[in-house]
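The values are calculated or read from the model by the stated rules, or taken from the named source; none is laboratory data. Values in this document were obtained by computation on a predicted structure and should not be read as measured data. Cβ placement follows ideal geometry from the backbone for every residue including glycine, while neighbour counts extend to all protein chains displayed. In case anyone asks, the SASA skips ligands and DNA or RNA and just uses the protein heavy atoms, side chains included. Shrake-Rupley method; radii C 1.70, N 1.55, O 1.52, S 1.80 Å.
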Amino acid sequence: MKCEVAQQNVVMALYGELPDELGGALERHLAGCEECTRELNSMRALDEYLAAYLALRPIMEPSPNLLAQSRMRLDEALDQIPPHGFLTRLRGSFYNWIGHVQGAPALTTLLLGVGFLAGNFTYRYQVAHQPKPPTVVTMSNATRGSISNVTSIVPTPNSEVVQVNYNRVVPETMQGSLDSDEIRQLLMLGMAQGASSNVRESSVNLLSSECRAGHGCAAEKDGEGIRHALLVSLRYDKSASVRLKALEGLQHYVGQDQRVRDAILETLMHDKDASVRTAAIDLLEPVQSDSSVRQVLRTVSTQDESPYIRTASFHALQSSADIQ
């Protein structure tokens, strides 16, 4: 143990903070180092003098500010101390272990016995588990793509050969016109299951443009089709920009489709985004004379959290009253 390390350990030992595994090494170093012994005696004398000095005077508690400043200075000083090297820590641990072994002959015998048994067991294990020659793996219909799931496993009796059947997801690309049913199905799938809001927004934007142009947006009774997909995006998509694009695609059907009108009224009442609610008010202009629309506008004009939307709803009510 070096004198620098020993003097640091002396301070911890004086205040009872030195770990037990370092105590033996410190004692052996002090037995052969006069300088460190003098350092220890000086610190003990100083500690005794301070104890006698404080015994004659009342103890004053330090202020919280002083404690905080002292802790900060101590942390800064500790950060500036270079860490001990790996070899220094390894040497200290080895000396401590030698000291424990010298003081416990029974432990030495036990360690030798454990080492012998471990060596014998390791040799037997290596002999029993010698590496085998690599086996041949064959694949049928090998294609690129990630594996989606394993469908079945067929082991070969009395053999280590096994057959694993699985499905693989293979990325594909399709290009075609917006009037194509296949392209529309993929766009509607992108609206519902797009990996990102950009994919969903692009899908809604393209299908909304088809609806504004009057191409294939007729209402279908089975709950399918572009108009139904736009209603689903308007109600449930988390992106406000996607919901705005869905409103644009439904604009031409407010007056003729009760489902579209109800969905826009629901958006005006409950959508969390103010810009989406504002767009819903503009879309309701052709049907402001409807009693259900007027009732919703009256509620929004008094209860909406946005002053602008309350004012816009009030003006819409006034406009419908003038029309009537």
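For region 1-40, the set of residues classified as surrounded by 12 or more Cβ atoms within 10 Å (Cβ to Cβ), assigned to a helix (DSSP H, G or I) and free of Cβ contacts under 8 Å to residues at least 12 places away in the same chain consists of Gln8, Met12, Gly23, Thr37, listed by residue number. Regarding Arg168, is this residue more than 33 Å from the chain's Cα centre (by Cα), surrounded by 13 or more Cβ atoms within 10 Å (Cβ to Cβ) and more than 18 Å from Arg259 (Cβ to Cβ)? It is false that Arg168 is more than 33 Å from the chain's Cα centre (by Cα), surrounded by 13 or more Cβ atoms within 10 Å (Cβ to Cβ) and more than 18 Å from Arg259 (Cβ to Cβ).
Does Ser313 fit the bill of being open to solvent by 20 Å² or more (accessible area, probe 1.4 Å) and over 21 Å from Met188 (Cβ atoms)? When the stated conditions are applied, Ser313 does not pass them. Scanning region 195-237 for residues that are surrounded by fewer than 20 Cβ atoms within 10 Å (Cβ to Cβ) and within 35 Å of the chain's Cα centre (by Cα) turns up Ala195, Ser196, Ser197, Asn198, Val199, Ser202, Asn205, Leu206, His228, Val232, Arg235, Tyr236. Would you confirm whether or not region 249-261 contains a residue that is small (Gly, Ala, Ser) and assigned to a helix (DSSP H, G or I)? Yes, region 249-261 contains a residue that is small (Gly, Ala, Ser) and assigned to a helix (DSSP H, G or I).
For region 136-146, the criterion of being at pLDDT 85 or above and surrounded by 11 or more Cβ atoms within 10 Å (Cβ to Cβ) is satisfied by no residue at all.
Among the residues of region 241-283, those identified as surrounded by fewer than 16 Cβ atoms within 10 Å (Cβ to Cβ) and among the hydrophobic types (A, V, I, L, M, F, W, C) are Met269, Ala274. Scanning region 166-209 for residues that are in contact with a Gly (Cβ under 6 Å, 6 or more places away or on another chain) and closer than 30 Å to Ile153 by Cα yields a total of 3.
Taking the conditions exactly as written (among the acidic types (Asp, Glu) and either touching a residue at least 24 places away in the same chain (Cβ under 8 Å) or open to solvent by less than 80 Å² (accessible area, probe 1.4 Å) (or both)), does Asp181 satisfy them or not? When the stated conditions are applied, Asp181 does not pass them.
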